[in-house]
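Asker: Before I ask anything, let me first share the structure, which is written out below as structure tokens.
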Amino acid sequence: MESLTVDQLLTLANKQDGTGTTALLKYDLPISSLEFCVELIEQTGVMLTPGSALDMEGYVRLGYANNRDVLETGLAKVSEFLAKHRA
């Protein structure tokens, strides 16, 4: 999962059926989706749903039914989290 902007997220959503408010994002780190989500919320305050809760290990579920500023801030924090894990 690379950096994702709000515009890219909404474009992806509209390519589905345009009516949803969640997206499943694949990540490439050597940790479980539960570990990913627990570390993410503890370190950044951003909450995602682990893919394992949906029988989709290796993915996280992102809800985007919020205002644009909140989404941009959250996505930036997720990007920083990913960058630290790749270093």
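Just so you know, all these numbers are worked out from the coordinates, no wet-lab data involved. Note that the structure is a prediction, hence the values are computed from the model and not measured. Note that we place each Cβ from the backbone using ideal geometry, even for glycine, and neighbour counts take in every protein chain shown.
Asker: Within region 37-87, which GluC sites (Glu not before Pro) sit in a loop by DSSP and count at most 12 neighbouring Cβ atoms inside 10 Å?
Answerer: Passing sites in region 37-87 are 57.
Asker: Then there's this: Spelling out what I want: for every residue of region 40-47, take phi, set θ = phi - 60°, compute 6.51 cos²θ - 1.76 cosθ + 1.60 (Karplus), and round to whole Hz; glycine and proline get x.
Answerer: 4, 5, 5, 8, 10, x, 8, 10
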